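Chemist: Following this message is one structure expressed as C-alpha coordinates.
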Amino acid sequence: MRNTARWAATLGLTAVAVCGPLTGAAGAAPGTAPSALYAPSALVLTVGHGDSAVTATPERAVTLNCAPTPSGTHPAAVEACAELRGAGGDFDALTSGSDKPCTREYNPVVVTVDGVWRGKRVSYEHTFGNECVKNSYGTSVFTF
(Lines give C-alpha, C1' and ligand atoms only; values in the text may rest on other atoms or scores of the structure.)
Protein backbone atom coordinates (compact mmCIF):
# COMPACT_ATOMS: atom_id res chain seq x y z
CA MET A 1 0.00 0.00 0.00
CA ARG A 2 2.84 2.37 0.81
CA ASN A 3 4.40 1.76 -2.64
CA THR A 4 1.11 2.56 -4.35
CA ALA A 5 0.77 5.85 -2.47
CA ARG A 6 4.39 6.77 -3.20
CA TRP A 7 3.94 5.90 -6.86
CA ALA A 8 0.73 7.98 -7.10
CA ALA A 9 2.39 10.96 -5.40
CA THR A 10 5.40 10.76 -7.74
CA LEU A 11 3.18 10.51 -10.80
CA GLY A 12 1.10 13.47 -9.61
CA LEU A 13 4.12 15.69 -8.97
CA THR A 14 5.64 14.74 -12.34
CA ALA A 15 2.40 15.67 -14.12
CA VAL A 16 2.28 19.03 -12.34
CA ALA A 17 5.94 19.74 -13.15
CA VAL A 18 5.54 18.86 -16.82
CA CYS A 19 2.03 20.16 -17.54
CA GLY A 20 1.92 23.07 -15.09
CA PRO A 21 3.77 25.55 -17.30
CA LEU A 22 1.61 24.56 -20.26
CA THR A 23 -1.67 25.31 -18.50
CA GLY A 24 -0.36 28.70 -17.32
CA ALA A 25 0.56 29.75 -20.86
CA ALA A 26 -2.71 28.49 -22.32
CA GLY A 27 -4.77 30.42 -19.79
CA ALA A 28 -2.84 33.66 -20.18
CA ALA A 29 -4.56 36.69 -21.62
CA PRO A 30 -3.71 37.51 -25.26
CA GLY A 31 -1.97 40.73 -24.23
CA THR A 32 0.43 38.86 -21.96
CA ALA A 33 1.58 36.30 -24.52
CA PRO A 34 5.34 35.82 -24.80
CA SER A 35 6.91 38.14 -27.40
CA ALA A 36 8.53 35.18 -29.18
CA LEU A 37 5.17 34.04 -30.52
CA TYR A 38 4.87 36.32 -33.54
CA ALA A 39 5.54 35.92 -37.22
CA PRO A 40 8.61 38.00 -38.09
CA SER A 41 8.36 41.01 -40.38
CA ALA A 42 11.79 42.33 -41.33
CA LEU A 43 12.44 44.03 -44.66
CA VAL A 44 15.30 45.74 -46.50
CA LEU A 45 14.19 48.47 -48.91
CA THR A 46 16.53 49.94 -51.52
CA VAL A 47 16.18 52.74 -54.04
CA GLY A 48 18.28 53.60 -57.10
CA HIS A 49 17.97 55.38 -60.43
CA GLY A 50 17.43 53.15 -63.44
CA ASP A 51 14.88 51.02 -65.26
CA SER A 52 15.37 47.86 -63.21
CA ALA A 53 17.16 46.58 -60.15
CA VAL A 54 19.58 44.70 -62.39
CA THR A 55 20.90 47.88 -64.01
CA ALA A 56 20.45 50.35 -61.11
CA THR A 57 23.00 50.83 -58.38
CA PRO A 58 21.32 51.09 -54.98
CA GLU A 59 21.73 54.64 -53.74
CA ARG A 60 20.08 54.16 -50.38
CA ALA A 61 18.93 51.23 -48.27
CA VAL A 62 16.86 51.12 -45.08
CA THR A 63 15.61 48.38 -42.79
CA LEU A 64 12.03 48.07 -41.63
CA ASN A 65 11.00 45.72 -38.82
CA CYS A 66 7.28 45.58 -38.09
CA ALA A 67 7.02 42.77 -35.54
CA PRO A 68 6.90 42.76 -32.62
CA THR A 69 7.20 46.58 -32.75
CA PRO A 70 8.03 48.98 -35.59
CA SER A 71 11.75 49.74 -35.76
CA GLY A 72 14.69 49.90 -38.12
CA THR A 73 16.47 52.64 -40.03
CA HIS A 74 13.37 53.62 -42.03
CA PRO A 75 12.65 57.28 -41.17
CA ALA A 76 8.91 56.62 -40.65
CA ALA A 77 8.86 53.02 -39.40
CA VAL A 78 5.61 53.31 -37.41
CA GLU A 79 3.65 54.83 -40.31
CA ALA A 80 5.18 52.47 -42.90
CA CYS A 81 4.31 49.39 -40.83
CA ALA A 82 0.76 50.65 -40.35
CA GLU A 83 0.35 51.16 -44.10
CA LEU A 84 1.73 47.70 -44.87
CA ARG A 85 -0.58 46.10 -42.31
CA GLY A 86 -3.49 47.97 -43.90
CA ALA A 87 -2.50 46.62 -47.32
CA GLY A 88 -2.00 43.09 -45.97
CA GLY A 89 1.69 43.25 -46.87
CA ASP A 90 0.84 43.67 -50.58
CA PHE A 91 3.13 46.37 -51.96
CA ASP A 92 1.08 46.57 -55.17
CA ALA A 93 -1.97 47.51 -53.07
CA LEU A 94 -0.24 50.68 -51.87
CA THR A 95 -1.76 53.48 -53.91
CA SER A 96 -0.92 57.09 -54.40
CA GLY A 97 -1.60 58.85 -51.15
CA SER A 98 -0.83 62.37 -52.28
CA ASP A 99 -2.79 64.89 -54.31
CA LYS A 100 0.47 66.63 -55.13
CA PRO A 101 0.90 66.76 -58.91
CA CYS A 102 4.08 65.29 -60.33
CA THR A 103 5.78 66.19 -63.59
CA ARG A 104 5.80 63.73 -66.46
CA GLU A 105 9.57 63.81 -66.62
CA TYR A 106 10.92 60.30 -67.10
CA ASN A 107 13.81 59.77 -64.72
CA PRO A 108 13.15 56.19 -63.54
CA VAL A 109 13.58 55.23 -59.90
CA VAL A 110 13.53 51.57 -58.91
CA VAL A 111 12.57 50.37 -55.44
CA THR A 112 13.26 46.85 -54.19
CA VAL A 113 12.03 45.13 -51.07
CA ASP A 114 13.48 41.86 -49.78
CA GLY A 115 12.88 40.07 -46.52
CA VAL A 116 10.07 38.48 -44.57
CA TRP A 117 6.53 39.74 -44.00
CA ARG A 118 4.57 37.91 -41.30
CA GLY A 119 6.73 34.83 -41.72
CA LYS A 120 6.55 34.68 -45.55
CA ARG A 121 9.42 35.50 -47.92
CA VAL A 122 8.96 38.77 -49.84
CA SER A 123 10.75 39.96 -52.95
CA TYR A 124 9.34 43.05 -54.67
CA GLU A 125 10.58 45.42 -57.35
CA HIS A 126 8.84 48.43 -58.84
CA THR A 127 10.02 51.16 -61.20
CA PHE A 128 8.48 54.61 -60.77
CA GLY A 129 8.58 57.29 -63.46
CA ASN A 130 10.47 59.71 -61.21
CA GLU A 131 11.23 60.54 -57.58
CA CYS A 132 8.01 62.54 -57.10
CA VAL A 133 5.83 59.61 -58.20
CA LYS A 134 7.75 57.26 -55.89
CA ASN A 135 7.23 59.53 -52.92
CA SER A 136 3.49 59.78 -53.57
CA TYR A 137 2.94 56.02 -53.36
CA GLY A 138 2.36 54.43 -49.98
CA THR A 139 2.95 57.83 -48.46
CA SER A 140 5.48 56.49 -45.93
CA VAL A 141 6.65 53.08 -47.15
CA PHE A 142 8.62 54.29 -50.16
CA THR A 143 9.62 57.68 -48.72
CA PHE A 144 13.15 57.19 -47.48
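Chemist: Ranked by accessible surface with a 1.4 Å probe, highest first, in what order do THR112, THR127 come? Don't skip to the answer; put the middle values down first.
Modeler: Numbers: THR112 20, THR127 50 Å².
Correct descending sequence by accessible area is THR127, THR112.
Chemist: In nm, give the distance between the simple-model label positions of GLU131 and ASP90, each being 7 Å from the Cα along the Cα-to-Cβ direction.
Modeler: 3.1 nm
Chemist: If you add up the charges near ALA39, with Lys and Arg at +1 and Asp and Glu at -1, over every other residue whose beta carbon is less than 14 angstrom from its beta carbon, what do you get? It would help to have the intermediate numbers written out before the result.
Modeler: Numbers: positive: ARG85, ARG118, LYS120, ARG121; negative: none.
Net local charge, ALA39 excluded: +4.
Chemist: Would you mind computing, in nm to one decimal, how far apart the modelled labels at SER52 and CYS102 are, each placed 7 Å from Cα along Cα→Cβ?
Modeler: It works out to 2.1 nm between the two label points.
Chemist: Can you run the Rg to Rh ratio on region 54-109? Use alpha carbon positions and the Kirkwood inverse-distance Rh.
Modeler: Working: Rg = 14.0 Å, Rh = 13.6 Å.
Checking Rg against Rh, the ratio lands at 1.03.
Chemist: Using a Debye calculation, one point per C-alpha and no hydration shell, please list log10 I(q)/I(0) for region 95-144 at q = 0.18, 0.20, 0.31 Å⁻¹ in order.
Modeler: Debye intensities relative to I(0), on a log10 scale: -0.60, -0.71, -1.20.
Chemist: Length gain on complete extension for the stretch GLU79 to ARG60, per 0.36 nm per residue less the alpha carbon to alpha carbon distance?
Modeler: 4.9 nm
Chemist: Per residue, how big is the convex hull around the C-alpha atoms of region 47-144? Give it to me in cubic angstrom, could you?
Modeler: Measuring per residue, one finds 89 Å³ for the Cα hull of region 47-144.
Chemist: How do CYS132, CYS66 stack up against each other in accessible area, from largest to smallest, with a 1.4 angstrom probe? Before the final figure, lay out each step's value.
Modeler: Numbers: CYS132 35, CYS66 10 Å².
Descending order: CYS132, CYS66.
The values are calculated or read from the model by the stated rules, or taken from the named source; none is laboratory data. Everything numeric here is computed off the predicted structure, so don't read it as measured data. Here the Cβ is made from the backbone with ideal geometry for all residues, glycine too, and neighbour counts use every protein chain on show. Note: accessible area is taken over every heavy atom of the protein model, side chains too, but ligands, DNA and RNA are not part of it. Shrake-Rupley method; radii C 1.70, N 1.55, O 1.52, S 1.80 Å.
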